[in-house]
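J.: Okay, handing you the structure first.
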Amino acid sequence: MRRRLAAGNWKMHGGTTSLTEIHALTRAHPAPAVDILICPPATLIEQAARTASGSAVAIGGQDCHPAPSGAHTGDISAPMLKEAGATHVILGHSERRTDHGEHDTDVRKKAHAAQTTGLVAIICLGESLAQREEGSTLGVISAQMTGSIPDNPTAGKLVIAYEPIWAIGTGLTPTPAQIGEVHGHMRAALTARFGAELAQGVPLLYGGSVKPGNAAEIFRVADVDGALVGGASLTAEDFSPIISALEAS
Ligand code: 13P
């Protein structure tokens, strides 16, 4: 019933030559059993959407401004992403929280703007290593969920990605039990706030050093509905087996 999603976050990587990777994904997965998403840098969204046109691969942005337009140098709005061909947008990634001082209240406004525009908002959450070690992971996740997810979210336009900061780009991953604990907690928090019907429909992604070699194990964890993949999404060679592992799960 819940859609499963293999999402790639290219971060600040890639140029026009990378479009061949999207083309290869469309060829390798003509009729996938799961949703496939690539979020390239903003400069590539329009070309990526054209490359993926007519295929099962969707294209998304990596951030949007809360306002539809205005005097905000360097920013991109949700309607602009949509016009360029994006259907999703990643919001509140820990790199944006760190690099640009984004807080939960900013993420909430951006998510509202995205959903109002008809984009799927992929809201990212996750604890630091210090927070994990002091035992405050679940409290941190609860607070981020309360702060970042708008009231009255649009069913079908919300995805949550659990990305422990210490697992991003490090090769470290939580144990399946640790991932399961957080994902179960997230599902319960969604249910408590929005009711079972909406909560059951929200895909919960895991992100942080997902690779072809560990994807199947991660996808076996209850309440893991897919992955948000950084480094291993940059080539079809690495991302394709992760998609296949999700299809097989
Ligand atoms: P890595 O897969 O490179 O660890 O990145 C995860 C991530 O931050 C995805 O948004």
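The values are calculated or read from the model by the stated rules, or taken from the named source; none is laboratory data. Keep in mind that this is a model prediction, so the values were computed, not measured. Don't worry about glycine lacking a Cβ; one is built from the backbone with ideal geometry, like all the others, and counts go over all protein chains shown.
J.: Using the structure shown, decide if A245 is within 13 Å of the ligand (Cβ to nearest atom) and under 18 Å from the mean Cα position of the chain (by Cα). Reasoning before the result, please.
T.: Working: within 13 Å of the ligand (Cβ to nearest atom): no; under 18 Å from the mean Cα position of the chain (by Cα): yes.
For A245, the condition - within 13 Å of the ligand (Cβ to nearest atom) and under 18 Å from the mean Cα position of the chain (by Cα) - is not met.
J.: Just to be sure I understand, how many residues within the range 59-75 are of a type in the set (A, V, I, L, M) and over 13 Å from I90 (Cα atoms)? Break it down stepwise before answering.
T.: In the first step, residues of the range 59-75 are kept if they are of a type in the set (A, V, I, L, M); the result is 59, 67, 71.
Next, from what is left, pick out any that are over 13 Å from I90 (Cα atoms): 67, 71.
Selection size over the range 59-75: 2.
Okay, residues lined up against (1) within 20 Å of I165 (Cα to Cα); (2) in a helix (DSSP H, G or I); (3) of a type in the set (S, T, Y):
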position: R193; (1), (2), (3): no, yes, no
position: L198; (1), (2), (3): no, yes, no
position: V202; (1), (2), (3): no, no, no
position: Y206; (1), (2), (3): yes, no, yes
position: I218; (1), (2), (3): yes, yes, no
position: V221; (1), (2), (3): yes, no, no
position: V224; (1), (2), (3): yes, no, no
position: A227; (1), (2), (3): yes, no, no
position: F239; (1), (2), (3): no, yes, no
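J.: Oh, and also: Sort out for me the helices (runs of 4 or more DSSP H) sitting completely within the range 1-119 that have 3 or more residues that are touching an Asp or Glu at 6+ places or on another chain (Cβ under 7 Å) and within 16 Å of the ligand (Cβ to nearest atom).
T.: Details: elements: 19-28, 45-52, 78-84, 94-99, 104-117.
Output list is empty.
J.: If the requirement is being surrounded by fewer than 21 Cβ atoms within 10 Å (Cβ to Cβ), closer than 28 Å to L234 by Cα and more than 16 Å from the ligand (Cβ to nearest atom), which of these qualifies: K157, K211?
T.: Just a single option satisfies the conditions, and that option is K157.
J.: Let me ask you something else. If the Cβ limit is 7 Å and pairs must be 6+ apart or interchain, which residue in the range 167-181 that is outside any helix (DSSP H, G or I) pairs with which residue that is within 9 Å of the ligand (Cβ to nearest atom) and not polar (S, T, N, Q)?
T.: I168/G208; I168/G230; G169/G230; G169/G231; T173/A167; T173/G208; P174/A167
J.: Can you tell me which residues in the range 214-228 are within 16 Å of the ligand (Cβ to nearest atom) and not aliphatic (A, V, I, L, M)?
T.: Correct list: N214, E217, F219, D225, G226.
J.: Now for a different question. Count, please, the residues in the range 125-154 that happen to be part of a loop (DSSP other than H, G, I, E, B), polar (S, T, N, Q) and away from the ligand (no atom under 16 Å from the Cβ). Can you show your working first?
T.: Step one: filter the range 125-154 for residues part of a loop (DSSP other than H, G, I, E, B), giving 126-128, 134-136, 149-154.
Subset that is polar (S, T, N, Q): 128, 136, 152, 154.
This time we only want the ones that are away from the ligand (no atom under 16 Å from the Cβ), so: 136, 152, 154.
Of the residues in that region, 3 qualify.
J.: Is it the case that T137 is farther than 24 Å from T16 by Cβ and at pLDDT below 95?
T.: Numbers: farther than 24 Å from T16 by Cβ: yes; at pLDDT below 95: no.
For T137, the condition - farther than 24 Å from T16 by Cβ and at pLDDT below 95 - is not met.
J.: Quick test for you: out of S136, S148, S209, S142, pick the one residue that is among the hydroxyl-bearing types (S, T, Y) and closer than 22 Å to A6 by Cβ. Before you say what the answer is, go through the steps one by one.
T.: Numbers: S136 fails: closer than 22 Å to A6 by Cβ; S148 fails: closer than 22 Å to A6 by Cβ; S142 fails: closer than 22 Å to A6 by Cβ.
Matching residue, one of S136, S148, S209, S142: S209.
J.: Follow-up. Given the condition in a helix (DSSP H, G or I) and of a type outside the set (V, I, T), answer yes or no: does some residue in the range 156-165 qualify?
T.: Step one: list which residues in the range 156-165 are in a helix (DSSP H, G or I), which gives 165.
Filter once more, keeping what is of a type outside the set (V, I, T): none.
No; the residues of the range 156-165 include none that is in a helix (DSSP H, G or I) and of a type outside the set (V, I, T).
J.: Restricting to the range 80-113, and then to whatever is surrounded by fewer than 19 Cβ atoms within 10 Å (Cβ to Cβ) and touching a Ser or Thr at 6+ places or on another chain (Cβ under 6 Å), can you tell me which residue is farthest from A49 (Cα to Cα)?
T.: D104
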